[in-house]
Amino acid sequence: MDTVQIFDTTLRDGEQSPGFSMNREEKLRLAHQIEELGADIIEAGFPIASPGDLEATRAVAAEIKGCRVAALARAVQADVDAALKGLEPAAKPRLHLFLATSDLHLKYKLRATREEAFDRIVKMIRFGKAHCEEVEFSAEDASRTDIDFLCEVVLAAIEAGATIINLPDTVGYSTPAEYAEMFRAVRARVGHPEAVLSAHCHDDLGLAVANSLAAIEGGVRQIECTINGIGERAGNASLEELIVALHVRQNHYQVETHINLEKLYPASRLLSQITGIGVPPNKAVVGANAFAHEAGIHQDGILKNPLTYEIIVPEKVGVPARKLVLGKHSGRNAFRARLAELGYDTTDSELAECYRMAMAQADAEKEIRDRDLVDIILRVRRQSPAPAAAGSGTIAH
Ligand code: KIV
Ligand code: ZN
């Protein structure tokens, strides 16, 4: 089975989005967590951006030895010099060079012709390759670049020394089918099977993970993504969603990664803790509701066999335990199970009374917490004492 390399850009693309900037110590803490997670490459920063980012990149490069460490640079001498400086202490460095290739970016942003851009790319990759063992080239806005020009650039980039070719969907415009087709076309026309093709997707249309998965079907073997999907504007492809999709649907994608699934949730939590920004409760894999069930029919199914409503085992991705939320949609079985977990085995009549009282409360309070439930069962038992067999219950909540 082929392996897909995971390139984590939480510390670069993720960090450059509003509210997510991190200082050197914070980047280092997260870098260690990403190393434990099993990412193949950590993009530590964009050293030309600020002296602090250069410092942080150097610190990550000095401490992280389990993953390759990348630093970003435009195809501009000053950027490349800064990135190489940031990578100096790295055991396994990668210079990540980029330049926009779409006519839109060339005309309005770079004010350069295709020929000028082409020459800059080739020149800076040659220089980079002479100073760094591994060079990745990204054709920014690749998904909106004329395919003939894109293939010319990719061929020249490989011949100049780039061994990883990243073709980003920089503005999140592509559809999965189009994005996969772009990679197939580039591979068919450029050849060079030794060069690794890479995807980097933004989530402007909510398609970043879908596009990344499609890219794998199109032959890509490196995916650039971020923890919690943070990144410019609507963010990048979410690492945890991508990894779990590849795991759960391995029968379809037929690839593996080096990611340690149990570390997904801890990595997500650490990022939220460091930045102070949580994830939406309904976010796949790491959201608070990702394994929470309230509807009675679902709770009943889960209690009988979790596979009825769960395609991911929460513990497998490091989530402590599934949560059956007790509220007005819940059924009696869920109440009976939660009371038993709390140490109260109930008779049918106790359960019926508890359920009636809980439903009256749920209408007003949305959720019945464990301590509410304990109050209710104690009240029920005071009204009509239960036989000696029932548990006394202990509660830590
Ligand atoms: O979105 C993008 O195109 C990028 C490149 C610099 C890789 O972040
Ligand atoms: Zn990006």
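List of remarks:
- Using a cut-off of 22 Å between Cα atoms, the listed pairs K65/K283; K263/K328; K283/K323; K92/K283; K304/K328 include K65/K283; K263/K328; K92/K283 as exceeding that distance.
- Candidates V154, V325, V220, ranked by Gaussian network fluctuation over the chain, Cα under 10 Å, top entry: V325
- Mean Kyte hydropathy of 1.0 or more with a Cα span along the axis of at least 24 Å, helices from DSSP in the chain: none
- If the chain linking R111 and E63 were pulled fully straight, counting 0.36 nm for each residue of separation and taking away their Cα-Cα distance, it would gain 13.3 nm.
- Residue-span extension gain [N282 to L303] - 0.36 nm each, minus C-alpha spacing: 5.4 nm
- Global form of the chain, assessed from the alpha-carbon gyration tensor, a/c cut-off 1.5: prolate
- Taken over the Cα atoms of region 292-383, the convex hull encloses 94 Å³ per residue.
- Alpha-carbon centroids, region 138-217 and region 262-280: separation in whole Å: 29
- Antiparallel content of DSSP bridges confined to the chain, in %, to 5: 5
- Summed side-chain charge close to S174 - residues other than S174 whose Cβ falls under 11 Å, Lys, Arg +1, Asp, Glu -1: -4
- Solvent-accessible surface of region 55-198, taken per residue with a 1.4 Å probe and all protein chains present: 41 Å².
- Per residue, the convex hull spanned by the Cα atoms of region 265-328 amounts to 84 cubic angstrom.
- Relative counts (whole %) of C-alpha pair distances in region 169-272, using bins that are 5 Å wide: 2, 13, 23, 23, 20, 12, 5, 2, 0
- Size descriptor, Kirkwood hydrodynamic radius, that averages inverse alpha-carbon separations across region 1-68, Å: 12.0
- P(r) of region 243-397 over all Cα-Cα pairs, binned every 5 Å from zero, in whole percent: 2, 8, 15, 17, 16, 14, 11, 8, 5, 3, 1, 0, 0
- Mean-square fluctuations from a GNM of the chain, with a 10 angstrom spring cutoff on Cα atoms, peak among K109, K92, K27 at K109.
- Shown for the chain: the carbon plus sulfur share of the solvent-accessible area, taken with all protein chains present and a 1.4 angstrom probe, equals 52%.
- Taking every C-alpha pair closer than 8 Å and separated by at least 6 residues, the mean separation divided by the residue count of region 292-383 gives a relative contact order of 28 percent.
- Computed over the chain: relative contact order in percent, which uses C-alpha pairs under 8 Å that are six or more apart: 13
- In terms of packing, defined here as the mean over residues of other Cβ atoms within 10 angstrom, the peptides 226-236, 29-39, 349-359, 252-262 line up highest first as 226-236, 29-39, 349-359, 252-262.
- Pairs of alpha carbons in region 108-245 separated by more than 26 Å make up 22% of all such pairs.
The values are calculated or read from the model by the stated rules, or taken from the named source; none is laboratory data. What you are looking at is a predicted structure, and each value in this text was computed from that prediction instead of being measured. Positions of Cβ are generated from backbone atoms using ideal geometry, with glycine treated the same way; all protein chains shown enter the neighbour counts. When the accessible area is computed, the model is the full protein with side chains, heavy atoms only, and any ligands, DNA or RNA have been set aside. Shrake-Rupley method; radii C 1.70, N 1.55, O 1.52, S 1.80 Å.
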